[in-house]
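Remarks on the structure that follows.
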Amino acid sequence: MRRRLPRPPPSGSGTVNLTLTRSSSSQIPTSAESAFVKVYSATTDVVQPVAIPTPGNTSTYSLTVPAGSGYSVEVVAFHELHDAIRVALAGAEIHNLTIVPGNNAVSLAVKPWTYTLTGPDTIQSGAPATYTLTVTGGPTDLFTTRVEMHTNLGVASPDNHFDIVGDGVTASATFPVPPIATDSTLYFVFSYFIDDARFHTTSLSFAADMPYGPLPPFQRPVKAAPASIQITFDKAKQH
C-alpha cells in the first residue's frame, strides 16, 4: 500500500487587499481620520498605518505576507488629538484566514465598540456608587487592563480622573460621591487603554472612550443629602 504524503503548505507570498469604504451613513465618527491595520499569525506580524477615506469615498490598501493559514486581520480607527494622544473610535477583527499566493480580498465592518452599563439609576450623595461597563461588541484583545475614569460632579466642576483595573471586557468603578446641599448630576466616561506595542507604536495615551462624543458621557442624577434636625433634651433639674 502506497503511503500518501501530507500536502506541503502554500509557498510564496500573498497580498492582503483591504478595501475601506466609508459610506455617508457610516457608524465611524467623522473625527476618525487614521487607522492601524494589523495582519498577523503565529509567525508573522505586520502593521500598516492608513488614512481613512472621507464619508462617501473608498480606499484600498495592500499588505504582503507569507502565504499560510491561521492569519488574523485587525483594524482600529482613531483620532489623533495632539502630542501622540490618540482616541480609538472604532474597530474590527477577523480570524482563521488562509492567505494564498496572489491576491486575497478581506472585508471587515469597522464599527464603534458597543457596551452595556449597570448600576443605580439615581445616586444618593454621601454614599458610594458603583457602575460596571461590559464591552459587548468590537475587538477586545487589544485592550490592556488599565482603565481611566473621567468624572465630573456637575457641569462646572473640574475633571476628576482615576485609574481602575479591567479584564479587557468588564470594568467596575466606585465613585465616592460627597454630600451635597442641592441636587446635581454625575458625568463619567470609561477609557479602556490600548496596547501600543500591539501596533508597533508608542504614544502618551491611546484609549477607547466609552462613550465618546458627539454622544454625551454617562449621566446619573445625584440627590442632595437629606436634611437633619438635631434635638437635645436637657435632663438637668430646673430649680
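The values are calculated or read from the model by the stated rules, or taken from the named source; none is laboratory data. None of the values given here were measured: they were computed from a predicted structure. Note that each Cβ is placed from the backbone with ideal geometry, even for glycine, and that neighbours are counted across all protein chains shown.
Which residues, taken from the range 29-66, are under 16 Å from SER107 (Cα atoms) and part of a loop (DSSP other than H, G, I, E, B)?
Selection gives ILE52, PRO53.
State the number of residues belonging to the range 164-184 that are over 26 Å from ALA92 (Cα atoms) and in a strand (DSSP E or B).
Applying the first criterion (over 26 Å from ALA92 (Cα atoms)) to the range 164-184 yields 173-184.
Pick out the ones that are also in a strand (DSSP E or B) and you get 173-176, 184.
Residues meeting the conditions: 5.
A quick yes/no check of all residues on (1) assigned by TED's automatic domain parsing to the domain that holds SER191; (2) surrounded by 17 or more Cβ atoms within 10 Å (Cβ to Cβ); (3) touching a residue at least 24 places away in the same chain (Cβ under 8 Å); (4) among the charged types (D, E, K, R):
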{"residue": "GLY91", "(1), (2), (3), (4)": "no, yes, yes, no"}
{"residue": "LEU97", "(1), (2), (3), (4)": "no, yes, yes, no"}
{"residue": "VAL100", "(1), (2), (3), (4)": "no, no, yes, no"}
{"residue": "THR118", "(1), (2), (3), (4)": "yes, no, no, no"}
{"residue": "ASP121", "(1), (2), (3), (4)": "yes, no, yes, yes"}
{"residue": "SER125", "(1), (2), (3), (4)": "yes, yes, yes, no"}
{"residue": "THR132", "(1), (2), (3), (4)": "yes, no, yes, no"}
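Applying the selection to the range 76-94, what residues are out of contact with any helix residue (DSSP H, G or I) (no Cβ under 9 Å at 6 or more places or on another chain), among the aliphatic types (A, V, I, L, M) and within 19 Å of TYR115 (Cβ to Cβ)?
ALA77, VAL87, ALA88, LEU89, ALA90, ALA92 - these are the residues of the range 76-94 that are out of contact with any helix residue (DSSP H, G or I) (no Cβ under 9 Å at 6 or more places or on another chain), among the aliphatic types (A, V, I, L, M) and within 19 Å of TYR115 (Cβ to Cβ).
Tell me whether the range 51-70 contains one or more residues that are within 22 Å of PHE143 (Cβ to Cβ) and in contact (Cβ under 8 Å) with a residue 40 or more places away in the chain.
Of all residues in the range 51-70, those within 22 Å of PHE143 (Cβ to Cβ) come to 52.
Imposing the further condition that a residue be in contact (Cβ under 8 Å) with a residue 40 or more places away in the chain reduces the set to none.
No, the range 51-70 has no match at all.
Would you tally the residues in the range 128-157 being closer than 15 Å to LEU117 by Cβ and of a type in the set (Gly, Ala, Ser)? Can you show your working first?
If we filter the range 128-157 for residues that are closer than 15 Å to LEU117 by Cβ, which is where we start, we get 129-137, 147, 149-151.
Subsequent filtering for residues that are of a type in the set (Gly, Ala, Ser) retains 129, 137.
Total satisfying the criteria: 2.
One residue is enough: does the range 206-214 have a residue meeting the conditions at pLDDT below 90, aromatic (Phe, Trp, Tyr) and farther than 14 Å from ALA129 by Cα?
yes
Give the range 185-204 a look and list any residue that's assigned to a strand (DSSP E or B), touching a residue at least 60 places away in the same chain (Cβ under 8 Å) and in contact with a Lys or Arg (Cβ under 7 Å, 6 or more places away or on another chain), or say none.
LEU186, the sole residue that qualifies.
Evaluate the range 216-226: report whether one residue or more is β-branched (Val, Ile, Thr) and in a loop (DSSP other than H, G, I, E, B). Can you show your working first?
Filtering the range 216-226 for residues β-branched (Val, Ile, Thr) gives 222.
If we keep only those that are in a loop (DSSP other than H, G, I, E, B) as well, we get none.
No, because not a single residue in the range 216-226 is β-branched (Val, Ile, Thr) and in a loop (DSSP other than H, G, I, E, B).
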